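Below is one structure; the comments refer to it alone.
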Amino acid sequence: MSDFNQQIIEEFRANGGRVQRFGSSLVLLHTSGAKSGEPRLSPVMGIAQPDGSWLVAASKAGAPSNPAWYANLVAHPEAAVEAPTDDGVVTVEVTAAPLEGEERDAGWAQFVARSPGFADYEVKAGSRVIPVVKLSPR
């Protein structure tokens with residue numbers, strides 16, 4: 001894990017899910033390594049949905065490849081998120097499902113509306129369609 005991500009995780013946990021640079025828009029995504037099965041932890045933007053799920057986008061800042069956590073979720077869809085609430089941080093066991101077609105596009109539009117930088121990521125990604133994953137509580 002990078003030092004930057006470690007600092008984000010520490011700030012998230014120390015401040016009830018708030019990170020100065022990102023506010024309360026992050027979740028900590030707990031996955032199992034696609035090949036190793038080892039626990040992995042990634043801070044990602046999570047958009048809470050009315051049904052109690054979260055959407056996460058595998059943008060990797062517009063890189064030409066998906067982030068490792070996306071491969072982890074595809075290989076092992078049983079995961080967990082630490083998410084901020086009005087009462088602090090809760091940990092929720094989730095099942096990951098990549099969205100397709102119109103559902104994916106509608107989810108992606110939420111990311112662009114929340115943070116216009118996501119539109120730049122889409123341009124940088126070129127031909128790669130940035131996956132959007134729904135994390136549903138189990």
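Worth a mention:
- All of (1) surrounded by fewer than 15 Cβ atoms within 10 Å (Cβ to Cβ); (2) within 14 Å of the chain's Cα centre (by Cα) hold for Ala106 with one exception: (2).
- Residue match in the stretch 38-61 (condition: surrounded by fewer than 15 Cβ atoms within 10 Å (Cβ to Cβ) and within 24 Å of Val123 (Cβ to Cβ)): yes
- For the stretch 84-91, the count of residues that are outside any strand (DSSP E or B) and crowded, with 17+ Cβ neighbours inside 10 Å is zero.
- Residues of the stretch 10-39 satisfying the condition of being over 13 Å from the mean Cα position of the chain (by Cα) and either in a strand (DSSP E or B) or aliphatic (A, V, I, L, M) (or both): Ala14, Val19, Gly23, Ser32, Ala34, Pro39
This table checks each residue for (1) over 20 Å from Phe22 (Cα atoms); (2) touching a residue at least 12 places away in the same chain (Cβ under 8 Å); (3) not in a helix (DSSP H, G or I).
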position: Gly107; (1), (2), (3): no, yes, no
position: Ala113; (1), (2), (3): no, no, no
position: Ser127; (1), (2), (3): yes, no, yes
position: Lys134; (1), (2), (3): yes, yes, yes
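- Contacts under 9 angstrom Cβ, first residue in the stretch 7-24 being touching a residue at least 24 places away in the same chain (Cβ under 8 Å), partner charged (D, E, K, R) and part of a loop (DSSP other than H, G, I, E, B), 6 or more apart: Ile8/Arg21; Phe12/Arg18; Gly16/Asp87; Ser24/Arg18
- Of the residues making up the stretch 109-121, those that are at pLDDT 95 or above and either under 14 Å from Lys60 (Cβ atoms) or β-branched (Val, Ile, Thr) (or both) are Phe111, Val112, Phe118, Asp120, Tyr121.
- Residue check for Val92: in contact with an Asp or Glu (Cβ under 9 Å, 6 or more places away or on another chain), within 26 Å of Glu10 (Cβ to Cβ) and in contact (Cβ under 8 Å) with a residue 12 or more places away in the chain: yes
The values are calculated or read from the model by the stated rules, or taken from the named source; none is laboratory data. This is a predicted model, so every value here is computed, not measured. Cβ atoms come from the backbone with ideal geometry, glycine included; neighbour counts cover every protein chain shown.
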